[in-house]
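The values are calculated or read from the model by the stated rules, or taken from the named source; none is laboratory data. Since this is a predicted model, take the numbers as computed values, not measurements. Cβ placement follows ideal geometry from the backbone for every residue including glycine, while neighbour counts extend to all protein chains displayed.
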Amino acid sequence: MVSSALPAPLRSIGFDQNIDQRVPLDTVFRDEAGATVRLGDYFGRRPVVLVFAYFDCPMLCTQVINGLSSALGVLSLVPGKDFEIVTVSFNPRDTPAAAAAKKAVYLERYKQPGAAGSWHFLTGDQPSIERLTEAAGFRYAWDADTKQFAHPSGIIVLTPDGRLARYLFGIEYGPRDLRFGIVEASAGKVGTPVDSLLLYCYHYDPMTGRYGLAIMRVMRLAGATTVLALIAFIAIMLRREKAGGRPAERSVRLPTSAPAVMSGAAAGRQPDRDGPPKGGHYVREGRGRG
């Protein structure tokens, strides 16, 4: 009921998520300076954010590019170093002059160093447009009543070798989702170890075109962290116990024999081992004979 009530052009538009499929990198377009280029000229080194928008679109295309430039402005990733941006018009009547004017508008909004050389606005003829849009799963239609194109809203992140990696839908894109998409498309060559850890906890949902928390992965990570913390605690306690054990007992040197105690005059004399001293006799303690 709902689909049959929609105008015919709106029933045919949308995104087909051709994830992991390649786009035709040999497709020929014209850049904003009017030079003939191949799509592959912007691939090979870093991920590419691809946007389909025609340059005299009265509303939706402008909102899509506005949403992209807002998300890009928050990212710490560097254009031209970490990623490229390619905006392709799907209106064959658009000209390089219109592309240059549109680019100038968005360079005023997105003033990151390197943006001028890494955000490209392309135009092309109908066969080139159809070849790329079909490969990317971008379905659009011309509405004769409104004299406008009906089309879906969203952006696509591709790998450096031209494979479709992630689709982000709508006209506003979370900086976290866009960053995760670029980091994943780079196969870990872009971003930080923190990004890799977060990507373990988040997963891409093709239905929503966003990243959501992977509960089971978070629980596994929390369990592993707890086990490691316990092992570290036990190791520290064992080391402290070993280092702070009972002190060594002091050795006390005792004499081998106690000195003899003598009284009287004999206390000041030592007996001769061969007999009593000359002219004298031993004095013995005790009771003498009468």
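Condition check: out of contact with any helix residue (DSSP H, G or I) (no Cβ under 8 Å at 6 or more places or on another chain), of a type outside the set (V, I, T) and in the same structural domain as A98 (by TED's automatic domain parsing). Does R38 satisfy that? So R38 fits the description; yes.
The residue that is surrounded by the fewest Cβ atoms within 10 Å (Cβ to Cβ), counting only those in the stretch 64-113 that are of a type in the set (D, E, K, R) and under 20 Å from the mean Cα position of the chain (by Cα), is K81. Considering the stretch 133-150, and only residues there that are more than 33 Å from the chain's Cα centre (by Cα) and in contact (Cβ under 8 Å) with a residue 12 or more places away in the chain, the residue that is surrounded by the fewest Cβ atoms within 10 Å (Cβ to Cβ) turns out to be D145. Taken over the stretch 93-127, residues that are charged (D, E, K, R) and free of Cβ contacts under 8 Å to residues at least 40 places away in the same chain amount to 4. Restricting the stretch 42-63 to residues that are of a type outside the set (A, V, I, L, M, F, W, C) and in a helix (DSSP H, G or I) leaves a set whose member that is surrounded by the fewest Cβ atoms within 10 Å (Cβ to Cβ) is Q63. State whether the residues of the stretch 207-223 include one that is within 13 Å of the chain's Cα centre (by Cα), at pLDDT below 80 and not small (G, A, S). Checked the stretch 207-223: no residue is within 13 Å of the chain's Cα centre (by Cα), at pLDDT below 80 and not small (G, A, S). Kindly check whether there is at least one residue in the stretch 97-111 that is outside any helix (DSSP H, G or I) and either of a type in the set (D, E, K, R) or in contact with a helix residue (DSSP H, G or I) (Cβ under 8 Å, 6 or more places away or on another chain) (or both). Within the stretch 97-111, one or more residues are outside any helix (DSSP H, G or I) and either of a type in the set (D, E, K, R) or in contact with a helix residue (DSSP H, G or I) (Cβ under 8 Å, 6 or more places away or on another chain) (or both). Checking each residue in the stretch 123-150 for being part of a loop (DSSP other than H, G, I, E, B) and modelled with pLDDT under 95 picks out A144, D145, T146, K147. Within the stretch 71-92, residues that are under 20 Å from T27 (Cα atoms) have Cβ atoms under 6 Å from residues that are small (G, A, S) in these pairs: E84/S118; T87/A53, counting only partners at least 6 apart in sequence or on another chain.
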